[in-house]
Amino acid sequence: MSFDDRPYRLGVGILLFNARGDVFVGMRADTPGAWQMPQGGIDKDEDPARAALRELKEETGIDKAEIVAQSSDWLAYDLPSELSRKVWKGKFRGQKQKWFALRFLGQDSDIRLDGHAEEVEFVRWRWAPFDELPGLIVGFKRPLYEAIAQEFAPLAAKLSGKKP
């Protein structure tokens, strides 16, 4: 394994909780069968919280949500070598993200996967139990999702009414 000195792309990730404490996941348009939570890059001079709300709107059409928590630190993942030279024109080795937990304030009918003119991120969506999240993601992002699950477990339990 060789050292990769390319930087990480700065991004955000979103855990969108519904009233039952389940989390929004979408099936990626470019990777059939792969589910993930909304995420995306931070624009130049953009505040991470604003980026999270923007990415949520772009990828899901949702603009009825409020931020209730954020990760204590930035979390990173490396792309597999076969992807790292293709994705983002090969400029980044992976992504370093600030994760935000949001409470969904709308209705399922407010969710629109085709609302972004540039590209469709997800082809399907569903509400998933919080504890299933690490098992849904592609393998190279699993450690990231495990870290998210550990950090946000108390909040997920509170929002679902379950004990952690």
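Just so it is clear, none of the values below were taken in a lab; they were calculated from the coordinates. Computed from a predicted model, the values in this text were never measured in an experiment. Positions of Cβ are generated from backbone atoms using ideal geometry, with glycine treated the same way; all protein chains shown enter the neighbour counts.
Observations, loosely collected:
- Net charge of Cβ neighbours under 13 Å - reference E151; Lys, Arg +1; Asp, Glu -1: -1
- Along each principal axis, Cα extent of the chain, largest first, Å: 46, 37, 34
- Degrees between helix 48-60 axis and first principal axis of the chain (Cα, 0 to 90, nearest 10): 80
- Here's how it looks for G94: its modeled amide H is under 5 Å from those of R9, L79, which are all 5 or more places away or on a different chain.
- Dividing the mean sequence gap of close Cα pairs (under 8 Å, 6+ apart) by how many residues region 8-159 holds gives a relative contact order of 34 percent.
- For K64 and F140, a Förster radius of 30 Å and the Cβ-Cβ distance give a FRET efficiency of 0.40, rounded to the nearest 0.05.
- Only helices enter this figure: runs of n ≥ 4 DSSP H residues, each worth -39500 (n - 2.57), summed and divided by the residues of the chain, yield -7000 deg cm²/dmol at 222 nm to the nearest 500.
- Selection from L75, G13, F100 lying farthest towards where the dipole of region 8-159 points positive, charges on Cβ: L75
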